[in-house]
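A.B. asks: If you scroll down you'll find the structure; I have some questions about it.
Nothing in this text is a laboratory measurement; each read-out follows from the coordinates by a stated rule. Since we're looking at a predicted model, the values are computed, not measured. We place every Cβ from the backbone using ideal geometry, glycine too, and count neighbours over all the protein chains shown.
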Amino acid sequence: MDTLFTAFGDIIKQAMGLTKTAALITEHNVYQEGETAVLPCLDKMVETLALPGSGVDGIENLEELLAKAESGKSCLLLLEHYSNMDLSTFSYFVRKAGGRGVDIDKAVVAIAGMKLTEDNRAVAAFASAYTRIVIYPSRSLQGLDGEKDHDEIVRSNAINRAAMKTLNEVKLKGKLILVFPSGTRYRPWDPSTKKGVREIDSYIRSFDYFCPVAMNGVVLKVGQGSMVDDPVEHDIIRITAGPVQSCAEFREKARAAAEAAGIEDKKQAAVDAVMAQLEVMHNAAEEKRREMINR
């Protein structure tokens, strides 16, 4: 089976030659503007691997969310995460969906972990195609030792403070902030990777509206190593944008349900409610996608 590198080695090298992204993240460069020169490289991969029948359902919901962002509201996109190319497929098919798809894509600012920039130059080149705010993820912080890794902890705090300051500045400028609430790709052998990250509650609390987005089908499977070593897949990709929802109302309802059920961690309960909604959307979309595959 081909990997991303064996299938697209020339395109990967082209992307690496085009990117100008910095190799090290600091508190001074957490905001990374998407490099338009690199985007066609990612589009080419998606075009090659996505099968006929791929596309977006619920583009009208994304258009409604964009309208709210343009009116000065803060807006979130909460996406399922199954593949290292989820952002690429979302961007590509939203632009191809018609209506205000191109405007929606231009408004997206993704929250991205810093390892996408620092761990591998090829992966950094791919990430550079999309506008993003870089953070030091909580999952990475869990592996640090207070004394041994003092300097790294100081660095992580500086990066995350700068990222949150930047987020608060751009979220009211007509942008759609894209977040993967699981914080990582789902790995079937590790059920914990499908659990929402507790910190997502802070995003829900500080934003006005959100759209949940289910991702069905993958063009890049989860591997054990770097993204370039992930196995490629020809597949039908279906992206489903759910209805626009008030963050405050959703969070209040989730917390009330947790209170009634005797659940103490109300923050995690709110994130679990997001993940439960995404799971329902995913299962419904997968049933339809399977019908398309079996025709």
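A.B. asks: Determine the relative contact order of the chain: mean sequence separation of Cα pairs under 8 Å and six or more apart, normalised by residue count, in whole percent.
C.D. replies: With pairs under 8 Å counted, the relative contact order is 28 percent.
A.B. asks: Under the Kirkwood approximation applied to all pairs of distinct alpha-carbon atoms, what is the hydrodynamic radius of the stretch 69-220 in Å?
C.D. replies: Kirkwood hydrodynamic radius for the stretch 69-220: 16.5 Å.
A.B. asks: Report, to one decimal in Å, the Kirkwood hydrodynamic radius for the chain based on all distinct Cα pairs.
C.D. replies: Averaging 1/r across every pair of different Cα atoms and inverting gives 19.6 Å.
A.B. asks: What is the order of L167, L24, L76, fewest Cβ neighbours within 10 Å to most?
C.D. replies: L24, L167, L76
A.B. asks: Here is a further query. With both bridge residues required to lie in the chain, what share of the DSSP beta bridges run antiparallel, to the nearest 5%?
C.D. replies: So the antiparallel bridges amount to about 35 percent of the total.
A.B. asks: Which FRET efficiency value, to the nearest 0.05, do you get for E47 and R187 by plugging their Cβ-Cβ distance into 1/(1 + (r/R0)^6) with R0 = 30 Å?
C.D. replies: 0.65
A.B. asks: Right, another one. Which of the three applies to the stretch 33-124, rounded, prolate or oblate, going by the alpha-carbon gyration tensor with a ≥ b ≥ c and a/c under 1.5 meaning rounded?
C.D. replies: Because a/c hits 1.5 or more and a/b fails to exceed b/c, the stretch 33-124 counts as oblate.
A.B. asks: Alpha carbon centre of the stretch 65-120 versus the stretch 17-47: separation in Å?
C.D. replies: 14
A.B. asks: What does the convex hull of the Cα atoms come to per residue for the stretch 223-295, in Å³?
C.D. replies: Enclosed volume per residue, from the Cα hull, is 158 Å³.
A.B. asks: Arrange the following residues from fewest to most other Cβ atoms within 10 Å of their Cβ: Y130, Y209.
C.D. replies: Ascending Cβ contact count within 10 Å gives the list Y209, Y130.
A.B. asks: Only helices at least 27 Å long along their own axis, judged from Cα atoms, and with Kyte-Doolittle mean hydropathy of -1.0 or greater: name those in the chain from DSSP H. Could you put the intermediate results ahead of the total?
C.D. replies: Numbers: long enough: 150-170 (30 Å, -0.48); 266-294 (42 Å, -0.62).
Once both thresholds are applied, what remains is 150-170, 266-294.
A.B. asks: A further question follows. Treat every Asp and Glu Cβ in the stretch 209-252 as -1 and every Lys and Arg Cβ as +1, leave all other atoms uncharged, and give the resulting dipole magnitude about the Cα centre to the nearest 20 debye.
C.D. replies: Dipole about the Cα centre, nearest 20: 100 debye.
A.B. asks: Which one of A276, A110, A241 has the biggest mean-square fluctuation once the chain is modelled by GNM with Cα springs under 10 Å?
C.D. replies: Highest fluctuation among the options: A276.
A.B. asks: What is the fewest-to-most order of K20, K267, K173 by other Cβ atoms lying within 10 Å of their Cβ?
C.D. replies: Fewest-to-most ranking of K20, K267, K173: K20, K173, K267.
A.B. asks: Mind giving me the FRET efficiency for A276 and M164? R0 is 35 Å, r the Cβ-Cβ distance, nearest 0.05 is fine.
C.D. replies: 0.85
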